[in-house]
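Everything below concerns the one structure shown next.
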Amino acid sequence: EKIIETGDGVVLPSAIKPGQNIAAEGSELRAGETVLPRGATVTPLAVGALATVGAAHPLVWRFPSVGIIATGDELVSRDEIPGRFHIRDSNRPVLAAMLGALGVREVTQERAIDRREEVAAALERCADRDIIIFTGGVSAGRYDYVPGVIAEAGWRRVFHKVSQKPGKPLLFAVKDGRLLFGLPGNPLAVHFCTHRYIAAMVRTMTGQAAMPLRHEGRLVEGLANKGPRTKFVLVQAVREGRECVITRAPSGGSADILGAAGANAIVRVEPESRHDAGKVTQFEWLIGAGYGEARQKI
């Protein structure tokens, strides 16, 4: 558009140089070079790169399908009015939200009352899922039927109980290449076990690093662990200048999801140890809460 027409010909701009504004063939990538490495996330820019080289049907990892089974006579749905001895089920919504943030889209949700046959029936309804997650019913109480039911159904228990807080009763089993997690019923135990174990499995199954990157922040108050189990503490991390400042999220225990709702990160505290106030310590952003992620707001 910068030429000057002169009769049957044109006059080129005096500043033009040979090859100016021309992308030579092979100047971006040479034959045999890799467009995207194995394990790369298919971002919008990656989609553009694939389209440029004509990779219309690249091989990708499939996200697993998941079945969620909440157990307990005391549970009602979140849109129901609870009776005197009921509570609304927050575990399935938490799990579904965390799985969605990880990229899982195929999720089945079931509920089973505290009867062995009902737990077994719910398990059978999720039989085609790659991952099955129970909440509740995995400890050693009178109505904790999950360990017995999965054993009768042919699942091989890999481990049951972990020296951690929250989530000690965590159960993990396998069968025919499928995975089963039994989580305690307390909401924060469900949240933590999903953050630590189920998320790691989903990432591994989709070609990603199992554990997220750790970051550093300065503690406003000390965090102590006097017990024998590794403790994971929910915190709020806020950027102030070039560093993150960490404050403990209020919580009345592993059932207090209301007090912990403002947390966006988690800190690990080893048994019989303490992180003093002012100390720089490592933390992990919680799934769906890290800086830079697109999030809905109330």
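Computed quantities for the displayed model
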quantity: Principal axes of the chain: Cα extent on each, largest first, Å; calculated: 97, 50, 39
quantity: Net charge dipole size for the range 187-298 [Lys, Arg +1 and Asp, Glu -1 on Cβ; Debye, nearest 20]; calculated: 100
quantity: Extreme residue, positive dipole direction of the range 90-179, given options His160, Val119, Val104 (C-beta unit charges); calculated: His160
quantity: Most to least packed among 93-103, 132-142 [average Cβ atoms within 10 Å]; calculated: 132-142, 93-103
quantity: Equivalent ellipsoid semi-axes - Cα gyration tensor, the range 26-87, angstrom; calculated: 51, 12, 8
quantity: Along each principal axis, Cα extent of the range 23-172, largest first, Å; calculated: 74, 37, 31
quantity: Spatially near lysine pairs across the chain, Cα under 27 Å, sequence gap of 8 or more or different chains; calculated: 11
quantity: Cα-based equivalent ellipsoid of the range 1-108: semi-axis lengths in Å, sorted from largest, via gyration tensor; calculated: 61, 20, 10
quantity: Quarter of the Cα convex hull surface for the range 90-169, i.e. its orientation-mean projected area (nm²); calculated: 6.0
quantity: Dipole axis of the chain (+1 Lys, Arg; -1 Asp, Glu on Cβ), positive-most option in Val53, Ala277, Ile22; calculated: Ala277
quantity: Of the GluC sites (Glu not before Pro) in the range 1-82, those whose Cβ has at most 11 other Cβ within 10 Å and which sit in DSSP loop; calculated: Glu1, Glu25, Glu33, Glu80
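Read-outs: derived from the displayed coordinates by stated rules, not from any lab. Computed from a predicted model, the values in this text were never measured in an experiment. Here the Cβ is made from the backbone with ideal geometry for all residues, glycine too, and neighbour counts use every protein chain on show.
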